[in-house]
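Structure, as structure tokens:
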Amino acid sequence: MALESANYINELNSANPQSTDSVAQADDHIRLIKAAIKNTFPNVTGPVTKTQAQINDLLEKSGGTMTGLLTLSGPPSSNLHAATKAYVDTADAGKVDSTRTITAGTGLTGGGDLSANRTLSISNGGVGSTQIADNAVTTAKINNGAVTPAKLAEPLTVGTAQATTSGTTKDYDTIPSWVHRITIVFNNVSLTSNGDLAVQIGDSGGLETTGYTSSGTNLFTGTTLTTGYLIRMSNSTFAISGTVTLHNVSGNIWVASVIGCTNNASYPAVIGGGVKELSATLDRLRILSVDGVGTFDSGSINIFYE
């Protein structure tokens, strides 16, 4: 009787046993068939309920097309995991469709759909007198970081007026760092003594009381001063109205010009000037009686800066 060797079903010879073989080796054929079946399906421990068509229609590991829905056990936890619909919907909920567009309005250029980064720019001539008042926006106001309608309408920042009817000093100590010009206005200011007035400037380290190069006259007498910018008064009967203008030349160098008039027709003009370099950015100033003896007894002062 012919008996092949086979470990798996595909190795069985369907021609065995032959019709002329004796039944003496029938048990050998049966054992061979059983061994090949068990070797071929080593992990089948129960009934296989799939039909032939279902088994033939199983999705290949290397690819294929599904004809029904696939339900996953949960959201992905690794980069290569399949994603559920709920996971994708949640991730996509805050996204804007790329077909949405940004439109450049009047005075602007740029824009487009969201399929790429877009930049909006102010076009040439895009900002004119219809958007802001002509000549009303200054560098100082932009540097201040708070451009408001009130500031756009007013070219200068106005300080708080102070009465000069008592005391020997008047301070302004909150001047912004961006200021490049300060105008101090005197309105009929006088002292109780025959002394002079002066302006001192300072920085975060305090007012500086030395190092000024300054002189002034009231067309009666002139003199110099190193402790501040001189405003020549010299007579307790004089009252001055006018301005001291401080200009930042470069760095922390400040040049002053003094021009005003008195209430005395014989000595009508007060003029002068000076220069002082601070050690840091100007943030304060003081108007004072030079000798500290005469006190203010009339008028008022204020400052304007830009």
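Exactly one residue out of T45, T40 is at pLDDT 90 or above and surrounded by 11 or more Cβ atoms within 10 Å (Cβ to Cβ), and it is T40. Remark: pairs (first residue in segment 207-224, within 12 Å of G273 (Cβ to Cβ) and not assigned by TED's automatic domain parsing to the domain that holds K276; second residue in a loop (DSSP other than H, G, I, E, B) and among the small types (G, A, S); Cβ separation under 9 Å; 6+ apart in sequence or on different chains) are absent.
Scanning segment 256-291 for residues that are of a type in the set (V, I, T), assigned to a strand (DSSP E or B) and within 14 Å of G228 (Cβ to Cβ) returns V258, V275, I287. When you look at L285, is it of a type in the set (A, V, I, L, M), modelled with pLDDT of 95 or more and farther than 21 Å from S166 by Cβ, yes or no? Judged against the criteria, L285 is not a match.
Within segment 75-109, the set of residues being surrounded by 11 or more Cβ atoms within 10 Å (Cβ to Cβ), of a type in the set (A, V, I, L, M, F, W, C), under 30 Å from S121 (Cα atoms) and at pLDDT below 90 comprises A104, L108. Taking the criterion of being part of a loop (DSSP other than H, G, I, E, B) and either touching a helix residue (DSSP H, G or I) at 6+ places or on another chain (Cβ under 6 Å) or closer than 23 Å to F41 by Cβ (or both), the residues of segment 1-31 that qualify are M1, L3, E4, S5, A6, N7, Y8, L12, N13, S14, N16, P17.
Take V290 and tell me if it is within 18 Å of Y212 (Cα to Cα), within 39 Å of the chain's Cα centre (by Cα) and surrounded by 15 or more Cβ atoms within 10 Å (Cβ to Cβ). So V290 fails the test. Contact map, segment 70-84: first residue within 21 Å of L58 (Cα to Cα), second residue of a type outside the set (A, V, I, L, M, F, W, C), Cβ cut-off under 6 Å, separation 6 or more or different chains; pairs are L72/T84.
Residue check: L219 meets all listed conditions (1) among the aliphatic types (A, V, I, L, M); (2) more than 41 Å from the chain's Cα centre (by Cα); (3) closer than 21 Å to F296 by Cβ but one, namely (3). Checking V189, V179 one by one, the residue that is in a loop (DSSP other than H, G, I, E, B) and assigned by TED's automatic domain parsing to the domain that holds S214 is V179 and no other.
The values are calculated or read from the model by the stated rules, or taken from the named source; none is laboratory data. It should be emphasised that the depicted structure is a prediction, and the values quoted were computed from it without experimental measurement. Cβ atoms come from the backbone with ideal geometry, glycine included; neighbour counts cover every protein chain shown.
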